[in-house]
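Let me begin by presenting the structure, written as structure tokens, before commenting on it.
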Number of protein chains: 2
Amino acid sequence: MEIPPVVIERLPLYARVLEALAQEGREVVSSQELGQRLGVTPAQIRKDLSYFGRFGKQGRGYNVQTLLSALRQILGLDRQWRMALVGVGRLGRAIVQYEGFAPQGFRIVHAFDADPRIVGQEVNGLTVRDVSELEEVLAREPVEIGIVAVPAVVAQEVIDRLVRAGVRAILNYAPIAARVPRGVQIRRVDPVLALQSMTYYLRQVSNAQAAK
Amino acid sequence: MEIPPVVIERLPLYARVLEALAQEGREVVSSQELGQRLGVTPAQIRKDLSYFGRFGKQGRGYNVQTLLSALRQILGLDRQWRMALVGVGRLGRAIVQYEGFAPQGFRIVHAFDADPRIVGQEVNGLTVRDVSELEEVLAREPVEIGIVAVPAVVAQEVIDRLVRAGVRAILNYAPIAARVPRGVQIRRVDPVLALQSMTYYLRQVSNAQAAK
DNA sequence: ATCTGTGAAGCACTTCACAGCG
DNA sequence: CGCTGTGAAGTGCTTCACAGAT
């Protein structure tokens, strides 16, 4: 069965709330309550989960631990993922030092940069290598995921090289609409785009007020 | 006319590519070429733009400058937006120092933190204030947008305070599904969620190979 | 000859509403 | 009686396909 991409995007949210509930010691939760916590309709949660099986008990709801384990397994969060970072400038450095990846099983194991002043530096216990060694290093010690934090002009080229080196998923911090072959996953992290779509609605408000 | 939210989310992308084309000195561009650069169908671009007017010339395409100006005006990018950052830890510091906001007209004018060791520090020419002064400062010097980079446990509370202080748009870096009242815009910047939805597809590949 | 703008068709996602189980 | 799981209905978004402008 082909599962709608939007469903896959919501599962990590569900998992996150279930983790919080588990920590609170809750054993059971209804789609109603999950929905309330997430701002999603209960029907949507039930439908989403139904793509993967029957996890609930009628009249009761879902066992928090059971559902959490199921989601973690479905999403592949029950294992470690290795990542290679390309671009260790200001942004890249912040990414290496970000404490949010490791507890979720995502580990940066290589860091590359093109700037000779940065190559050789140690960042958070990781030695920055020259980006020219990318293919060689990834052949020896492969990773599943690439993180791109290089300037826009070279981002597409870096992404192409990562893909050719066998990386099947890319987290792209560069402000470009990168193209990847079918079968390769890519996600954009782009706060400026987020801001620019919000201002549309802010503008509307100003206009409505001006029209009064 | 009510414009589909997905359309609004794509407009900043169009604007970005048009900026690049303008810099290359291109005068005219077709929906076909725009689509190619963005990985979007030409029909979608034409349909999206048609919500706002008729910007193209049949047989020719779109004038790059004219369309760019129109989009900037529609999105409200033809003005400055003031932002307040809450949370000046490692992540917050990286946000203040990020050079990508200013050239797009987004300026951080206040920074708040709760940690007395951080309050009073100067970061990128900005003095960090105590978060208890948030309401007071925003009443005196309002901002349109709030940026939240605080720990998950306090994020919802901070967002509520920002909204009560008149902020109509929030960029949320905290890993929670925050709730805001109708009419307030919110966008999540959450690399971990992005990673966790990609691993679903990576897992599929491993499984397919294992099944051989 | 080329490329836009747009109704209409098609597809994807969400919500409804209720049978059925605990 | 409460809450799940799910076909069916409803909604929203995308793509088609072509008339019409240059």
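Starting from a Cα-only point model with no solvent, please compute log10 I(q)/I(0) by Debye for chain A at q = 0.09 1/Å.
-0.49
Compute the label zone of A:VAL205 within the stretch B:59-87: residues whose backbone N is under 14 Å from the point 7 Å along Cα-to-Cβ.
B:81-84
Using a 10 Å cut-off on Cβ to Cβ distances, tally the other chain neighbours for every residue of A:80-91 and report the average as a whole number.
Partner Cβ neighbours, averaged per residue: 1.
Long-range amide H contacts for B:GLY146: which residues qualify at under 5 Å (H placed 1.01 Å from N, peptide plane, sequence gap of 5 or more or a different chain)?
The list, which skips near neighbours in sequence, is B:ALA84, B:ALA169, B:ILE170, B:LEU171.
How high is the FRET efficiency between B:MET1 and B:ARG164 when r is their beta carbon distance and R₀ equals 41 Å, given to the nearest 0.05?
Efficiency, from the Cβ-Cβ distance: 0.85.
Given a Förster radius of 51 Å and the C-beta distance between B:ALA43 and B:GLN80 as r, what FRET efficiency does 1/(1 + (r/R0)^6) yield to the nearest 0.05?
0.90
Of all GluC sites (Glu not before Pro) in the stretch B:78-147, which ones are in loop regions per DSSP and have a Cβ with at most 12 other Cβ atoms within 10 Å?
B:GLU99
Name the residues whose placed amide hydrogens come within less than 5 Å of the amide hydrogen of B:VAL28, ignoring near sequence neighbours (fewer than 5 apart) on the same chain.
B:VAL64
Take the Cα of A:THR66, step 7 Å along the line toward its Cβ, and report every residue of the stretch A:32-46 whose backbone nitrogen sits under 13 Å from that point.
Under 13 Å, as judged by backbone N against the label point of A:THR66, lies no residue of the stretch A:32-46.
List the residue from chain A whose beta-carbon is nearest to the axis that rotates chain A onto chain B, together with that distance in whole Å.
It is A:ALA94, 2, counting Cβ atoms only.
Quick one: if you take sqrt(5λ) for each eigenvalue of the C-alpha gyration tensor of the stretch B:54-143, what semi-axes come out, biggest first, whole angstrom?
Each semi-axis is the square root of five times an eigenvalue, giving 38, 14, 8 Å.
Can you pull out the trypsin sites (Lys or Arg not before Pro) in the stretch A:111-192 whose DSSP state is coil and whose Cβ has at most 13 other Cβ atoms within 10 Å?
Passing sites in the stretch A:111-192 are A:ARG117, A:ARG182.
Of the trypsin sites (Lys or Arg not before Pro) in the stretch A:65-103, which ones lie in a loop per DSSP and count no more than 15 other C-beta atoms within 10 Å?
A:ARG79
Taking N as the number of residues in the protein assembly as shown, what value does Rg over Cα atoms divided by 2.2 N^0.38 Å take?
1.02
Calculate the spin-label point distance for A:VAL109 paired with A:GLU135, positioning each point 7 Å from the Cα along the beta-carbon direction, and give it in nanometres.
2.1 nm
Most exposed first by the Cβ proxy, i.e. fewest other Cβ within 10 Å, how do B:ILE108, B:ILE147, B:ILE118 rank?
Fewest-to-most ranking of B:ILE108, B:ILE147, B:ILE118: B:ILE118, B:ILE108, B:ILE147.
Can you quote the Å³ per residue value for the convex hull of the Cα atoms in the stretch A:81-192, rounded to an integer?
It is 101 Å³ per residue.
Can you tell which of B:VAL131, B:VAL150, B:VAL184 shows the greatest fluctuation in a Gaussian network model of chain B with Cα springs below 10 Å?
B:VAL184
Considering amide H positions built from the backbone, and no H for Pro or chain starts, which residues 5 or more places from A:VAL123, or on another chain, come under 5 Å of its amide H?
A:VAL128
Grab the DSSP H runs of chain B that are 4 residues or longer, score each as -39,500 (n - 2.57), total them, divide by all residues and round the 222 nm result to the nearest 500 deg cm²/dmol.
-14000 deg cm²/dmol
If you count, for every residue in B:109-117, the Cβ atoms of partner chains within 10 Å of its Cβ, what is the mean?
That works out to 0 on average.
How far is helix A:152-164 tilted off the main Cα axis of chain A, in degrees rounded to 10, range 0 to 90?
Around 80 degrees separate the two axes.
Please give the average number of partner chain Cβ atoms lying within 10 Å of the Cβ of each residue in A:182-194, rounded to a whole number.
Mean inter-chain Cβ contacts per residue within 10 Å come to 6.
How large are Rg and Dmax for the stretch B:5-74 when only the alpha carbon atoms are used, in Å?
Every Cα atom of the stretch B:5-74 included, Rg and Dmax give 10.7, 31 Å.
Every read-out reported here was derived from the displayed coordinates using simple, explicitly stated rules and does not represent laboratory data. What you see is a predicted model; the values in this text were computed from it and never measured. Cβ sites come from the backbone with ideal geometry, for glycine too, and all protein chains shown count toward neighbours.
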